[in-house]
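Visitor: Can you keep this structure in mind? I'll have questions shortly.
The values are calculated or read from the model by the stated rules, or taken from the named source; none is laboratory data. None of the values given here were measured: they were computed from a predicted structure. With ideal geometry, Cβ positions are generated from the backbone for all residues, glycine too; neighbour counts draw on all protein chains shown.
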């Protein structure tokens, strides 16, 4: 079998981008962040894309970026939290790599997202979470996406783990999954 990449999926705040960098460094593989690729390819921020093209426009750009960054394995890809909503994206990921879901309780994720915003980090803006009670939005969106996150090849619960521990679990998952082919 050809070399497979690793796709990290999960809700905002699970640590996909951070863990992807750690896993990529350990494996010596290229690391791609789909949200960053969308911004780089389009020359617009994610909030600008949502404002001009709505969620549908963003999802189209997201699918194009996912296709582009996963063309040649090996790689580690941090997807956007909603990338798994598209059946075409799920098929692409299943065909090119192992899909590892990073999981967290809504309260944990809400706290992480809030800390990113307090530090004014560039990726802290999440248009789909900017309406109503933020914790309730996290709960509702996460619940609606849970069935597709559950389709991953492996799940790592991140609530009580450091990014380094999560990366170690992703590496262990890859080793165990590779042994099954």
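Visitor: So for the stretch 132-154 (the condition being modelled with pLDDT under 95 and assigned to a loop (DSSP other than H, G, I, E, B)), does at least one residue qualify?
Guide: There is at least one residue in the stretch 132-154 that is modelled with pLDDT under 95 and assigned to a loop (DSSP other than H, G, I, E, B).
Visitor: Going by the conditions given, is residue 112 in a helix (DSSP H, G or I), touching a helix residue (DSSP H, G or I) at 6+ places or on another chain (Cβ under 7 Å) and either surrounded by 20 or more Cβ atoms within 10 Å (Cβ to Cβ) or modelled with pLDDT under 95 (or both)?
Guide: When the stated conditions are applied, residue 112 does not pass them.
Visitor: Is there a residue in the stretch 22-36 that is assigned to a helix (DSSP H, G or I), at pLDDT below 95 and either surrounded by 15 or more Cβ atoms within 10 Å (Cβ to Cβ) or in contact with a helix residue (DSSP H, G or I) (Cβ under 7 Å, 6 or more places away or on another chain) (or both)? Show your work before the answer.
Guide: Filtering the stretch 22-36 for residues assigned to a helix (DSSP H, G or I) gives 22-27, 34-36.
Subset that is at pLDDT below 95: 35-36.
When the remaining residues are screened for being either surrounded by 15 or more Cβ atoms within 10 Å (Cβ to Cβ) or in contact with a helix residue (DSSP H, G or I) (Cβ under 7 Å, 6 or more places away or on another chain) (or both), the result is 35-36.
There is at least one residue in the stretch 22-36 that is assigned to a helix (DSSP H, G or I), at pLDDT below 95 and either surrounded by 15 or more Cβ atoms within 10 Å (Cβ to Cβ) or in contact with a helix residue (DSSP H, G or I) (Cβ under 7 Å, 6 or more places away or on another chain) (or both).
Visitor: While we're here: Quick one: residue 58 ticks every box in (1) buried (at least 22 other Cβ atoms within 10 Å of the Cβ); (2) part of a helix (DSSP H, G or I); (3) modelled with pLDDT of 95 or more except a single one, so which number is it?
Guide: Status for residue 58: all satisfied but (3).
Visitor: When the residues of the stretch 61-79 are narrowed to those that are touching a strand residue (DSSP E or B) at 6+ places or on another chain (Cβ under 8 Å) and in a loop (DSSP other than H, G, I, E, B), which ends up nearest to residue 15 (Cα to Cα)? Full working, then the answer.
Guide: Kept after step one, since they are touching a strand residue (DSSP E or B) at 6+ places or on another chain (Cβ under 8 Å), are these residues of the stretch 61-79: 66, 69-70, 73-79.
Filter again for in a loop (DSSP other than H, G, I, E, B), leaving 70, 73-75, 79.
Numbers: 70: 20, 73: 22, 74: 21, 75: 17, 79: 11 Å.
Ranking the qualifying residues of the stretch 61-79, first place goes to 79.
Visitor: Got a sec? Which of 42, 5, 80 is at pLDDT below 95 and within 22 Å of residue 158 (Cβ to Cβ)? So that I can check it myself, show each step before the final result.
Guide: On the way: 42 fails: within 22 Å of residue 158 (Cβ to Cβ); 5 fails: at pLDDT below 95.
80 is the lone residue from the list that is at pLDDT below 95 and within 22 Å of residue 158 (Cβ to Cβ).
Visitor: So which of 53, 40 is touching a helix residue (DSSP H, G or I) at 6+ places or on another chain (Cβ under 9 Å), loosely packed, with under 15 Cβ neighbours inside 10 Å and in a helix (DSSP H, G or I)?
Guide: Result of the check over 53, 40: 40.
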